[in-house]
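What follows draws every value from the coordinates through simple rules; no lab data is involved. All values reported here derive from a predicted model rather than from experimental measurement. Here the Cβ is made from the backbone with ideal geometry for all residues, glycine too, and neighbour counts use every protein chain on show.
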Amino acid sequence: MTLAAAEPATALPAIEQQHRDQRHYPHGVAFMDGQYLPMSEAKVSVLDWGFLHSDATYDTVHVWDGRFFRLDLHIDRFFRGMEKLRMKLPYNSSEIEKILSTCVALSGHKSAYVEMICTRGGSPNFSRDPRQSENRFIAFAVPFGSVANKEQLERGLHVAISNTVRIPPKSIDPTIKNYHWLDLVKGLFDAYDYGAETALIVDINDNIAEGPGFNVFTVKGGRLKTPAYGVLAGITRQTVFDLCGELRLSVSAGDIDRDELKDSDEVFITSTAGGIMPVSKIDETVVGDGKVGALTRQLTDLYWEKHADPAWSTAVNYA
Ligand code: PLP
């Protein structure tokens, strides 16, 4: 078999060129290969295993009113993930903290969604051996975004339980924050088809696992519970445990089946992208009295109060 000579590169048709030039990106600043760039210029190689094989780990922290929230916990989880994936970067945690802070400061955002990513990278000879890849670090800061919008935060989200099974822990360790999201995205489309606003998907035993970018909690008789198996150990989930400690509320991690979820007095979801967010309807079942519950409200208020507390947050240096 002979290989056909490669076609010479041709100019893009004018219409495509125009389309390409009009692509819009959120306002923000990224860091790649030692440089700070506008978001529109932050691009990865199509040969990077992070893109080709989802071979990457990442973490997302938010900035609220000019302060990072629990940045140390996010950076620690990021380093634990890299270690488990046998990835290495030439930066230590305080250097990463400085890079993230610079991205936020250069963006000017007082409230931001800040991501740090380590991809497997690639090798000059396109080797199939991951040990030969040069791992890559990318960071960026864009405007703060939330799973729930203002109206949904006030009235509670409508969630549908999808039959899609979250990738099991024996396949992918869920404590490594990862981009294996095909199950979560399928769950989201199932929820939209159902007429709901977001999804919860199940674990291999048909218990509730998590949703696209969030953990879930139930409240029953004043006691809180969250799934233990096959989920990311969310930093917001951890924060709820810490707040429950302060408020002397009972909280535990364990299996929650569909009936238990629907029979709860209150349900809320947790994510760096939005914090603590109420759920008022699951499939066709109204949760509790259909309003945002008292404990959900109390925890949400305390959660946002902690954003100004130096024990829980770090100021961005905008100078
Ligand atoms: N579960 C998954 C699959 C996630 O991707 C996320 C966050 O992106 C969460 C849970 C919530 O984690 P955190 O509270 O650390 O944002």
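Miscellaneous remarks
- Estimated dipole of the chain in Debye, rounded to 20 [Cβ of Lys and Arg +1, of Asp and Glu -1, Cα centre]: 580
- With a simple spin-label model that places each label point 7 Å from the Cα along the Cα-to-Cβ direction, the separation between Asn92 and Val46 comes to 4.0 nm.
- Of Gly122, Pro90, Met32, farthest towards positive along the dipole that unit charges on Lys, Arg, Asp, Glu beta carbons give the chain: Pro90
- Estimated [θ] at 222 nm from DSSP helical runs (n ≥ 4, -39500 (n - 2.57)) normalised by residues in the chain, nearest 500: -8500 deg cm²/dmol
- Given charges at Cβ of Lys, Arg, Asp, Glu: the chain dipole, positive-most of Gly213, Leu295, Val279: Gly213
- Taking a sphere under 9 Å around the Cβ of Tyr58 and counting the other residues whose Cβ falls inside, with K and R at +1 and D and E at -1, yields a net charge of -1.
- Sparsely packed loop sites in the stretch 124-205 (the chymotrypsin sites (Phe, Trp or Tyr not before Pro) outside DSSP H, G, I, E and B with at most 14 other Cβ atoms within 10 Å) comprise Phe126, Trp181.
- Expressed in Å, the radius of gyration and Dmax of the Cα atoms of the chain are 21.3, 74.
- Debye log10 I(q)/I(0) at q = 0.12, 0.16, 0.18, 0.19 Å⁻¹ for the stretch 14-144, Cα point scatterers: -0.50, -0.83, -1.00, -1.07
- Taking 27 Å as the straight-line reach from the Cα of Lys170, the lysines in range (excluding those fewer than 8 positions away in the same chain) are Lys84, Lys88, Lys186, Lys225.
- Local electrostatic count at Phe78 - Lys and Arg +1, Asp and Glu -1, tallied over other residues with Cβ under 9 Å: +1
- Within a straight-line Cα-Cα reach of under 22 Å, Lys220 can be paired with the following lysines, leaving aside sequence neighbours fewer than 8 residues apart in one chain: Lys262, Lys281, Lys291.
- Remark: Thr285, Thr164, Thr296 ranked as Thr285, Thr164, Thr296, counting other beta-carbon atoms within 10 Å and listing the fewest first.
- If you take all other residues with their beta carbon under 12 Å from the beta carbon of Glu154, and give Lys and Arg +1 and Asp and Glu -1, the sum is +3.
- Shape of the stretch 205-289, Cα gyration tensor, a/c cut at 1.5: rounded
- Taking the longest Cα principal axis of the chain as reference, the axis of helix 294-305 is set at about 40 degrees.
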